[in-house]
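The values are calculated or read from the model by the stated rules, or taken from the named source; none is laboratory data. Just so we're clear, the structure is a prediction, and the values are computed from it rather than from any experiment. Backbone-built Cβ (ideal geometry, glycine too); neighbour counts: all protein chains shown.
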Amino acid sequence: MKKILFVILVISFVFPINIFSQDNKQQGHTNTNKFRQLYDEFASPNMFRTASGAPGPAYYQQRADYKINVELDDKNKKLYGDETITYTNNSPEILSYLWVQLDQNVRKKDSPSLDINSEGVSVAYIPDSFDKEFLSDPFDGGFNIEYVKDIDNKPLRYIINQTMMRIDLPNPISTGQSFQFKIKWWYNINDHVKQDGRSGYETFPNDENRAYIIAQFFPRMCVYNEVEGWQNYQFWGDGEFALPFGDYEVNITVPSDHILEATGELTNRKDVYSKEMMKRYNQAKKSYDKPVIIVSQDEAIEAEKTFSNQKKTWKFSAKNVRDFAFATSRKYILDMMAVKIGNEDVMAVSIYPREGNPLWEEYSTITVVEALKSFSKYTFDYPYHKAVSVHAHNIGMEYPMICFNFGRPNIDGSYSDDVKFGMIGVIIHEIGHNFFPMIVNSDERQWAWMDEGLTTFVQYLAEQEFGEKYPDAIYPNKNFPSDRGPANMITDYMSVDQNYLAPIMSNPENVYSLGPNAYGKPATALNILRETIMGKELFDYAFKTYSQRWMFKHPTPEDFFRTMEDASAVDLDWFWRGWFYTTDFVDISIKELNQYFVSPNPGEEMKEIMKERGLVRNRLRPLIFFENFENDLENNRDKDPLENSKLLNNYLNENYSSEEINDLQIPKYFYEIVFEKPGGLVMPIIVDIKFEDGEVIRKKYPAQVWRKNDKEVRKVITSDKKISEIILDPDEETADVDTRNNSWPKKEENTDFDKFKSRIQG
């Protein structure tokens with residue numbers, strides 16, 4: 001069917017106005033258009049990082065290889081260690097000193113991190129908090145450095161500045177050169193239940209055993225690159241870690257009755273596993289449908305009673321990783337299952353005390369499996385040989401090949417859906433961190449969203465796929481109850497007082513609410529990009545391109561932004577600017593709906609223009625006139641447009657055959673929808689238009705519709721039937737913070753105040 005395009009003429013185009021008045025000249029302004037490019041914000045492309053978002057031909061990164069020996073003193077809760085670091089300078093610069101991270105120093109009793117927050121006196125305290133605040137001395141958990149020596153055992157000059165240690169080199173190291181040095185150290189392990197932290201121990205009062213989750217336990221090299229030189233921003237507690245890649249050889253000595261897992265391949269498995277454990281392990285390597293118990297709950301309960309004074313050393317080798325962590329306890333149950341990722345077998349592993357059962361035995365390892373599958377699908381095939389989920393009290397934290405996850409049943413073994421879904425969600429999230437930032441190695445110290453936000457986004461996709469795979473696990477829910485990702489889940493945060501908001505592009509130490517800022521909002525932004533702005537096909541290709549470009553490398557935010565545009569041909573500068581560089585929010589509303597008809601005479605607005613300009617009808621060029629329904633005084637609005645306009649009738653007869661005219665769809669109703677934007681963020685306009693006969697059509701206008709008027713947009717809808725209802729953002733996919741103004745006619749909503757007033761009056 002052919003259609004006529006009816007154009008409402010803009011009067012200023014027909015009758016030009018002299019906008020260059022000589023009086024009251026306005027001052028000029030810089031470009032504030034929401035769609036201007038990000039050239040001013042982005043660094044210039046160069047040989048290291050290209051304009052496409054890919055590593056350049058001169059891209060380099062440093063390397064740090066470690067040989068580490070550590071011993072756990074279970075009785076005194078101390079960790080002793082020594083390490084040999086081989087640092088390789090691949091930069092074009094000559095380095096005269098090195099920077100090493102001493103992250104445990106955040107726990108020194110005189111650490112400045114204890115005093116960085118403004119805190120007054122609370123009106124009430126629980127006894128434990130009162131004791132910690134006013135009675136007990138601060139826990140002293142910082143590194144005690146016994147020596148720093150070169151490979152020939154000659155002392156090296158060093159200086160410690162809070163959580164950083166500078167080592168002065170006896171001779172500068174040039175491009176391609178390596179330098180070896182040794183550090184010996186020890187520290188007091190913290191109780192992560194009482195003293196918080198990303199690692200530490202938990203004491204189980206029933207049997208007085210401890211479970212250790214150990215990380216940031218050794219002095220680690222800082223990143224050096226062309227972006228900022230040495231990344232030596234202090235560790236204050238929130239901003240996490242920036243680390244170079246390297247190979248690790250680690251020997252871990254613990255009580256002989258402990259079960260241990262860690263980053264890397266266990267190279268002396270036959271020495272630390274019993275014959276029965278080895279038998280079960282070999283079974284697990286061939287089990288792709290269910291986990292195999294390596295250490296049973298009964299065996300773990302028996303081991304809890306021993307408290308052996310004998311020692312056992314577990315040896316691990318890890319290639320091309322950025323960090324190392326481990327977990328150890330005599331309380332651990334151990335199970336494993338194989339999963340095929342690409343052409344390789346990967347072991348999904350879980351270790352947990354009996355306090356985690358039955359929940360952990362039922363769900364942990366299968367969750368690891370599904371997380372590996374989903375993240376590999378959207379990024380790259382998981383490259384390591386295993387992924388380990390460790391049960392920990394109230395901790396969710398990630399390291400290469402191993403992560404610590406919360407989720408504990410009640411003492412009687414029962415658990416709520418919230419606990420179950422929370423545990424599954426955190427395991428998916430922390431396993432996902434193997435991809436961001438353990439492999440796509442962004443700087444967590446500076447840009448928390450680059451690992452947390454990207455991981456949370458894919459976590460949402462993985463959770464939904466988990467729900468599809470295991471519908472009984474999420475029953476009675478039809479979908480996995482994700483708490484981040486969908487657009488409507490971020491609106492409360494985006495609507496809070498602007499004094500307590502920071503842009504996503506902020507250092508994590510400087511934001512007011514890290515969870516929504518670094519996890520929720522960027523995840524939501526990416527979900528909106530995928531679902532609403534770009535479409536799944538374009539988004540998924542670009543996202544995978546970014547992931548694969550920057551595997552085992554150090555991307556910046558610009559590398560991500562540029563790649564997403566380069567691989568999709570979608571200009572997203574307006575989106576990055578609004579969502580990532582500002583605290584603007586989305587609020588688009590239906591201001592009004594105006595109905596017009598083709599009129600035989602000039603309408604009221606046209607008459608006003610003619611009066612202002614001294615125009616008369618017979619001096620106008622032939623025009624088709626519109627009039628607002630409300631101004632119809634001659635009962636013309638229900639007539640056919642061809643009946644009301646001889647000009648239009650004649651035009652059709654002169655330009656169309658009678659058969660063609662019969663095929664034309666000549667609308668009877670002309671609607672003008674006026675959208676306004678109280679919020680600062682530009683977004684697509686998505687509306688469902690419902691007609692009196694029940695038909696619903698969806699119109700989607702691109703975000704660029706706001707490019708010339710950031711306040712108001714007008715759109716015309718033509719039809720041969722009346723509109724009965726209009727709904728803006730019907731699926732709540734744009735993160736609109738106020739949906740009360742999203743409908744026409746406006747829906748009456750009783751506020752809490754209205755309900756209160758009604759009760760008082762009634």
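Some observations on this one:
- Residue in the stretch 268-286 that is touching a residue at least 12 places away in the same chain (Cβ under 8 Å) and closer than 23 Å to I183 by Cβ present: no
- Among all residues of the stretch 397-417, there is at least one that is of a type outside the set (G, A, S), at pLDDT 95 or above and assigned to a helix (DSSP H, G or I).
- Helices (runs of 4 or more DSSP H) (entirely within the stretch 438-495) containing at least 1 residues that are in contact with a Gly (Cβ under 9 Å, 6 or more places away or on another chain) and of a type in the set (D, E): 449-469
- Some residue of the stretch 446-456 being surrounded by fewer than 24 Cβ atoms within 10 Å (Cβ to Cβ), touching a residue at least 12 places away in the same chain (Cβ under 8 Å) and under 15 Å from the mean Cα position of the chain (by Cα): yes
- Which listed residue is at pLDDT below 95, in the same structural domain as D103 (by TED's automatic domain parsing) and out of contact with any Phe, Trp or Tyr (no Cβ under 9 Å at 6 or more places or on another chain), from T306, T365, T313: T306
- Close Cβ contacts (under 6 Å, 6 or more residues apart or on different chains) running from residues in the stretch 639-661 that are under 18 Å from F626 (Cβ atoms) and touching a residue at least 40 places away in the same chain (Cβ under 8 Å) to residues that are assigned to a loop (DSSP other than H, G, I, E, B) and not aliphatic (A, V, I, L, M) comprise N644/P600; N644/N636.
- Criterion: closer than 27 Å to G176 by Cα and touching a His at 6+ places or on another chain (Cβ under 8 Å) - qualifying residue of Q61, Q101: Q61
- For beta carbons closer than 8 Å, sequence separation of 6+ or different chains, a first residue in the stretch 718-733 that is at positive phi and a second that is among the small types (G, A, S) and outside any loop (DSSP other than H, G, I, E, B), the qualifying pairs are E732/A487.
- For E465, the requirement of being at pLDDT 95 or above and over 14 Å from the mean Cα position of the chain (by Cα) is met.
- Restricted to the stretch 280-381, the set of strands (runs of 3 or more DSSP E) holding at least 2 residues that are out of contact with any Lys or Arg (no Cβ under 8 Å at 6 or more places or on another chain) comprises 311-321, 326-329, 333-341, 344-352.
- Any chance P557 is assigned by TED's automatic domain parsing to the domain that holds A735, touching a residue at least 40 places away in the same chain (Cβ under 8 Å) and surrounded by fewer than 22 Cβ atoms within 10 Å (Cβ to Cβ): no
- Some residue of the stretch 314-329 being within 27 Å of M397 (Cα to Cα), touching a residue at least 24 places away in the same chain (Cβ under 8 Å) and touching a Pro at 6+ places or on another chain (Cβ under 6 Å): yes
- Residue in the stretch 238-279 that is surrounded by the fewest Cβ atoms within 10 Å (Cβ to Cβ), counting only those that are among the polar types (S, T, N, Q) and in a strand (DSSP E or B): N251
- Candidates D150, D196, D191, D128, filtered to the one that is within 21 Å of I68 (Cα to Cα) and assigned by TED's automatic domain parsing to the domain that holds N320: D150
- A single member of N232, N209 is polar (S, T, N, Q) and more than 25 Å from T556 (Cα to Cα), and it is N209.
- Selection status of Y332, out of contact with any Phe, Trp or Tyr (no Cβ under 8 Å at 6 or more places or on another chain), under 22 Å from M423 (Cα atoms) and touching a residue at least 60 places away in the same chain (Cβ under 8 Å): no
- Restricted to the stretch 101-202, the set of strands (runs of 3 or more DSSP E) holding at least 2 residues that are surrounded by fewer than 17 Cβ atoms within 10 Å (Cβ to Cβ) and among the aliphatic types (A, V, I, L, M) comprises 158-161.
- Test: V106 is more than 30 Å from Q310 (Cα to Cα), under 36 Å from the mean Cα position of the chain (by Cα) and in the same structural domain as L243 (by TED's automatic domain parsing): yes
- Condition met for P481 (surrounded by fewer than 22 Cβ atoms within 10 Å (Cβ to Cβ), under 17 Å from R445 (Cα atoms) and of a type outside the set (F, W, Y)): no
- Some residue of the stretch 212-221 being assigned to a loop (DSSP other than H, G, I, E, B) and more than 28 Å from Y87 (Cβ to Cβ): no
- Test result for I528, part of a helix (DSSP H, G or I), within 26 Å of V390 (Cα to Cα) and touching a residue at least 24 places away in the same chain (Cβ under 8 Å): no
- For the stretch 610-638, residues that are surrounded by 14 or more Cβ atoms within 10 Å (Cβ to Cβ), closer than 29 Å to K722 by Cβ and without any contact (Cβ under 8 Å) to a residue 24 or more places away in the chain total 0.
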